[in-house]
Amino acid sequence: MNDHPLVSLAEGILDELQASEVRLMDVRSQTGMTDFMLVATGRNPRHIKALADRLVERSKKDGHRVLGVEGLQWCEWVLIDLGDLVVHLMRRDTRDFYKLEDLWEFDSAAAGT
């Protein structure tokens with residue numbers, strides 16, 4: 001686990017609720033919008049909603065600001081903006097289609113990092 005409190009909180013919740021293929025990316029050298037991105041796969045829309053709801057609830061309870069939540073109406077891809085951490089919760093087919101990790105890895109390679 002990462003020592004950043006938001007990352008630790010999110011990774012713990014995703015593990016507890018059995019999200020799969022959890023991937024943390026340090027994007028500090030690539031963008032000023034956030035420090036970390038966490039991508040995880042949910043089994044179905046109901047599972048993704050449960051993951052998102054728990055993460056938002058616990059973040060607020062622990063005193064973290066939730067800056068935005070997008071995608072809850074369909075739960076194919078839910079984005080939770082926690083400032084220093086942006087969490088992407090996706091269905092397997094959605095994740096395969098958009099390939100966020102490849103995009104950020106490509107940017108890292110292009111930047112020489």
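The values are calculated or read from the model by the stated rules, or taken from the named source; none is laboratory data. What you are looking at is a predicted structure, and each value in this text was computed from that prediction instead of being measured. Here the Cβ is made from the backbone with ideal geometry for all residues, glycine too, and neighbour counts use every protein chain on show.
The set of residues in the stretch 70-79 being touching a helix residue (DSSP H, G or I) at 6+ places or on another chain (Cβ under 6 Å) and hydrophobic (A, V, I, L, M, F, W, C) consists of Cys75, Trp77, Val78.
Residue pairs whose Cβ atoms lie under 6 Å apart, sitting 6 or more positions apart in sequence or on different chains, and linking a residue in the stretch 12-34 that is under 21 Å from Glu57 (Cα atoms) to a partner that is of a type in the set (Ser, Thr, Tyr) and surrounded by 14 or more Cβ atoms within 10 Å (Cβ to Cβ), are Ser20/Thr41.
Look at (1) among the acidic types (Asp, Glu); (2) within 12 Å of the chain's Cα centre (by Cα); (3) surrounded by fewer than 12 Cβ atoms within 10 Å (Cβ to Cβ) and you find that Asp93 fails only one, number (2).
For the stretch 99-113, indicate whether the set of residues that are surrounded by fewer than 20 Cβ atoms within 10 Å (Cβ to Cβ), modelled with pLDDT of 95 or more and under 12 Å from the mean Cα position of the chain (by Cα) is non-empty. For the stretch 99-113, residues surrounded by fewer than 20 Cβ atoms within 10 Å (Cβ to Cβ), modelled with pLDDT of 95 or more and under 12 Å from the mean Cα position of the chain (by Cα): absent.
Scanning the stretch 58-109 for residues that are more than 21 Å from Gln18 (Cα to Cα) and among the small types (Gly, Ala, Ser) turns up Gly63, Gly68, Gly83, Ser108, Ala109. For residues that are at pLDDT 95 or above, part of a loop (DSSP other than H, G, I, E, B) and aliphatic (A, V, I, L, M), scanning just the stretch 13-68, find the one that is surrounded by the fewest Cβ atoms within 10 Å (Cβ to Cβ). In this case the residue turns out to be Leu67.
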